[in-house]
Structure formats: C-alpha cells, structure tokens
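Engineer: What follows is a structure written as structure tokens; I'll ask about it next.
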Amino acid sequence: MKRILLFLVALFLVFLEGQSQVSQKGTPVFEGRKVAKSAKMMKVHLPSLDIEKLEKEDIEEEKKGVPMRFAYGHKVVLNFENSGNWFTAKNGDKFWLLEIESTGAKSLNITFDEFFMAEGASLFVYNEGKTMVKGAFTSFNNKKTGDFSIAPVKGDKIILEYYQPKTVKGKSRLQISTVAHDYKGIYKLAKDFGDSGSCHNNINCDEGDGWKDQSRSVALVTLGNGTRWCTGTLINNSKNDGTPYFLTANHCTEDEGRNPANWIFIFNYESPSCESVEVSTDDSISGCRVLANGVDSDYLLLELSVTPPERYNVYYSGWDAREIIPTNTVGIHHPWGDIKKISFDHDAPEVTKYYDREKGSGITHWHVKNWESGTTEKGSSGSALFNPEKRIIGQLHGGDAACGIIDSDWYGRLSVTYPNICQWLAPGCSEKVMDGYQPIISDIVDNERPTKVTGVRVDDVQETTIRVSWNSSTDNRNVIGYYVYVNDKLSAFVEDTTVLLSELRGGTQYIIKIKARDEVGNESDFSEEVLVETLPEKPCEEISVWEAGTEYEQGNMVVYKERIFFKDYSEIGWSYIGVCGEGEIKGSIEFPPVKNELKVYPNPILENTLYVSFKANNDAVMYVYDVGGHVVTKMKFQSFLPVGKLPSGMYILEVISNGRSYQKRFIRK
C-alpha cells in the first residue's frame, strides 16, 4: 500500500439484476452416466505466462496505488459452438463438458460476458479430482446484463459441466470472456497462510473476541475480471431492512477494476478457529451497482446485486459520521487476499489530509500512526476502520504499514463522505450515528446440534496424501461444513463430504476424525476415529560406490573394492543401497532365503479380482477388514479374492496359516 495518485474515475452506474454468484449447491452428475455417444473431452490450453515480468509490473503498479493484482486475465471466447464436447445419455439428457488448463496456476476463475441458463439446466465448475466444486448455477443466477463471474477454483485445471435434462425446453447461452490465472495464490495451505505476514491476528483468535458481529460484515472482493482484490464492509441503514449497501475504497475501481458488474464479494473467508486452515469461498455474491464515489476521502458505496442469503449469516455494521475523535481504533480486513484478520491501534488517530503526517494538515483522513497488534498490507484497501463503539468511521485509502514495518495508514473519514451517501444510509440525512443490524434468522434460539458424522472412510492413500470421505450429517438447519482433525489438530474446514489431506509424511500413521457445523454455529460430536498409515517413501533405485577425497583426471583407471549389503522390503519399511556416479562396477550380492511372504496384486486395484500369492496350508483362511476393523469378507484361502462388491477404500487382508497371522494392506479404487 504505497502512496496513491488521486485522479477522477468515471464509473458506469449499471444496476445488476439477478441472483448473483449464490450457488444452489448440489453435485455434478456426469461422472458414471452411460452415454450413447462417447468422445474425448475437449481441452483448452492457455498460453504460458512470464511470471517474472508480471511481478515487475506489480512493483510499478504498487507505486501508482492501483488495487493489488493476484492473477493474469487471459482474454478468450469460449462457448457452446466453438469449445467443449456434447454428450447424450441414454435417457436423452445432455451434457456439455470443457476442460481449461493454464499450467502452473494456483487457482483459476472465469468471467462470462454471456450467461443465460434455461429453466431446469445447471452448471458446475470444478477442479481435477473434484476437491473444489462450484455450483450448481441455474436460472436463479441469470441477470439482465448477461454478466457473471465464478470465484476462484483451486488448481491449474478446471472443468465446466453443463447439464440439460431431456425435459428442458429453453435454450441456454454461455460464453466465457476471461480466464484468470492466479500466480500469487488466493488459496493457501494452512502453513502458508502467513504469506500475509506473521504479525497478523486471525479473526477467530482471542484477539477477535467481541468483534465477531462486525467480522461477519467484512468481505474479500475480487475485481478486474477476477485478477485483483480489495476488502469492504456491509453497512447498515436507518431502515434496518438489510439492503446490501457495501462500503469500500474508490481506488479499487482503478485500472482493471472499473466494471463492478463482475466483482465477486466473498463472505466468511476466515479460519473457523485460531489456527490457519484452508477454507471455502462458496459464500459469495457476483455483481453490484455503484451508488456514489469520491476521490477526496476515497469512498465507494455499492449495492450488491442480491441480499446475502440467510445461510451466509452476515451482519450489517453500524457507523458514526460525527466529528468525534475516538480513543482507539480497530481494522478488520483481508491482507494479500488472505483469510480475515483483525488489527488494533491503542491510540487516538489524528485528522490530516491523505498521506500527510502533520496533524491538522487537512480534514479528509484518519491518520493511524501505527498498529500495536496486527497491521494492514496490500489487499486490505477499502476495509473499514471501527471506533471503540464498534461503528465504522472510515475506509482504508493507503499507507506504508506492513509486517516488520511500524508505519502509518490513512483512512477516508466517514464524516467527510457522509453528505454524499446519507440519502441511502439515512434518508433525510438527520441521523449521524447508527447501530449495526442483525437480520432475523429465527424467532426461536436453535441449540440443536447436527447429527454425528458417520461412515468415515479412506478412499485413497499415497505417500504424502490421503483422501477421506464420510456420510452427510443432518440438522434442523443447514449443515454448512465439516471440521477435519488430523492427530487432534484442526487441518481443514470443508463444505463437501470429502477432503484431500496433503503434505503428509510417508510411512506415518495419522488419526482422522470429523465433526459437522450448522449455519448458526452448532457443532456435532466427533465421528469415530480412523487410523490410517501413508505409503512408505520409495527407495532410491541407483547404486554408487566411490572413494572419497581423491581427485581424478580423464583416463585414470580406478579400482575400488567394497562389500555391498542387501535387505529386502518388509512391512516395517525399506532398506536399500544408494549409489551415484558413472563407471563399471563388478561384484556380487548375497540374497537371503526367500521368506513365505504374503503378496497381493494389483494394488491399488480397479478390477474385480485381487490375486493372492502365499504358500498356505490346507486349513488356511482369509479375512478382509475395513479401516474400522470390521470383518467384511471371510473365506477359505485361495489364490484370488473377489473384491467387486467392496466400496472404494483401504482394506487389510489377513491369512491365518499354521497358527500364524500374515497381513497385507490393499486399496480398492
């Protein structure tokens, strides 16, 4: 957040009707459907990017004060006629699928310049492996302008799945105009959430206690066709009617952010606990209209294209437009597009002009000299400044504060902005103080907890990843997501009933358990624990013998003799010999006698028959256990095992022979 050059920005006042980014939930339906005519899915590969060049441009842009860029927007024209493939199911239902790849992208998001969904049709957008799914988007999302944007989907490949049941009468129209390649990372794994700076306070740490209502009014804003970001806040009005007025900074409209029709407002982008975990961006709204803007105090008042639905559980923050200097201030924001943070200045701000450190130099801005706890950074622009009474008194214009830099920020003062926006916030403009507003969700306090999560299962185990699935929890209100704990530590919060746990250690045991949360914050009991062990790391396959401390020249002959020891693979782990270098090595290896080892293949298995290699006696029996320790198959020993009826997951085969137990893990895909 460097100094911002002030210049007038012309804005098109476009009212966006329709139901925005709000999805209707659901699950993609194409996979597993039998189609009458098969074809390979069409793939669109976008041009590679010069990241170094983009980052140099970002440094120059920072000096100009334009909104922070996190993605590059590829201009495209992709529609039903020139892209993708159509599939027809045997019952007459139709599907259109398109895969888009931009190599190396941390996430991809798309903007449509033509979006019209026929009644009954649906659209899903998801990544490879379906670890992140957006949709369903339906006719509920149609807008008269035809614009539409979808929040970023993690990964460098996305698939669009359009589904049109046979009964649909109308004709849908879809055309993608921009695919944004995220090169900075709007999504971050838990250990990387510190990209915004280690000095920040997650909103749900102890520091955020007492500010939970105001936090629910704050949203991350993606703009510039999904390439840049700012922060802003839902603001209340004197009618207390939940009109979605939204306050942010005028400079967020500079450069590529001029068309708010495609801005996306992401609510509840925060860790559910003090720990930083990967969270969803599904609580989002696409589009708005501009009500008022100005450069002096850098304000921008918007009206979102739709009122946030009840399940978003938002809050409309109060405000104070009086000329009272508060004793201390608080900021809630999304630095670097990160999960929500809270910052505290324990001193009174000074009244100055923008970017001036001299008290009384002007009246347009609050000068926050420095933050005692937390700070702001690029991406925090537009976020609200609150007084001790928890009312908005301004929005962030710019400054030099950052982690490791104790410096100032300047916020446009609401008292200066008020005459230009009071017709919306307080018709008649007589009220200068307003409390916050909590939409009425229910007249009855809901303390009912979601049902306990059941059916936790391991679908896929690799060296560093585990895919876990479970059955949906139920509740008298919507279940909004699931906490995933690994070894008693919160690892993720997901809305789906599956998660891919990554960056694990090979050959290591992990205990996994799940609990559900509903839209008012009630949590279920923990599921039963599942114990799973990642596959052992693969050994090196090369061998090398050399003499240390000796220099050689071309043509030298070297004779070096050493014994080579060999150990075989066991259930405990790998023992092996590592060798590097070039040349000819002669020698011999003594192999120990072959043990009576239980082997299965193929593993993992996709087919219906698992083959078993073992020297068993005539009375030997076989047992198959699931990860919960339950016997799912028992039979007399034979050299093959039918597994066609087993659900996907990890299993243990046990053979009892001559009074001894032999075990082997296998994975059913």
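Engineer: P(r) of segment 237-383 in 10 Å steps, Cα pairs, percent per bin?
Structural biologist: P(r) for segment 237-383, in whole percents per bin: 9, 34, 38, 18, 1.
Engineer: Return the Rg/Rh value of segment 599-668, two decimal places, where both radii are evaluated on C-alpha atoms and Rh is the Kirkwood radius.
Structural biologist: Details: Rg = 11.2 Å, Rh = 12.1 Å.
Expressed as Rg/Rh, it is 0.93.
Engineer: Moving on. Compute the normalised compactness of segment 457-533: alpha-carbon radius of gyration over 2.2 N^0.38 Å, N being the residue count.
Structural biologist: Relative to the 2.2 N^0.38 Å estimate, segment 457-533 comes out at 1.10.
Engineer: May I pose another question? How long is segment 42-182 along each principal axis, judged by its Cα atoms, biggest number first, in Å?
Structural biologist: Sorted largest first, the three principal extents are 56, 31, 27 Å.
Engineer: Viscosity 0.692 mPa s, temperature 37 °C: give me the Stokes-Einstein translational D for segment 332-382 in µm²/s, with Rh taken as the Kirkwood radius over C-alpha pairs. Please list the in-between numbers first.
Structural biologist: Values: Rh = 11.9 Å.
This corresponds to a translational diffusion coefficient of 276 µm²/s.
Engineer: Hey, another quick one. Among Phe70, Phe95, Phe344, rank each residue by its count of other Cβ atoms within 10 Å, from fewest to most, as a rough exposure measure. Before the final figure, lay out each step's value.
Structural biologist: Working: Phe70 26, Phe95 19, Phe344 16.
The fewest-first ordering by Cβ neighbours comes to Phe344, Phe95, Phe70.
Engineer: Can you list, bin by bin at 5 Å, the percent of alpha carbon pairs in segment 234-299, starting at 0?
Structural biologist: Percent of Cα pairs in each bin: 4, 13, 18, 20, 18, 15, 9, 3.
Engineer: On to the next question. I'm checking a number: the convex hull volume of the Cα atoms of segment 338-413, normalised per residue, in Å³. What is it?
Structural biologist: 85 Å³
Engineer: Oh, and also: Over segment 390-435, what number does the Rg to Rh ratio reach, with both radii from the alpha-carbon atoms and Rh per Kirkwood?
Structural biologist: Ratio of gyration radius to Kirkwood radius: 1.15.
Engineer: When a footprinting reagent is the concern and you count Cβ atoms within 10 Å, what order do Ile158, Ile51 take, fewest first?
Structural biologist: Ile51, Ile158
Engineer: Counting other beta carbons within 10 Å of each residue's own, what order do Cys403, Cys288, Cys422 fall into, fewest first? Kindly include the intermediate steps, with their values, before the conclusion.
Structural biologist: Details: Cys403 16, Cys288 28, Cys422 19.
Sorted ascending by nearby Cβ count, the order is Cys403, Cys422, Cys288.
Engineer: Would you compute, for the Cα atoms of segment 368-499, the largest minus smallest coordinate along each principal axis and list the three values in descending order, in whole Å?
Structural biologist: 58, 46, 22
We did not get these values from a lab; they are worked out from the coordinates using the rules stated. Computed from a prediction, not measured in an experiment: that's the story for all the values here. Note that each Cβ is placed from the backbone with ideal geometry, even for glycine, and that neighbours are counted across all protein chains shown.
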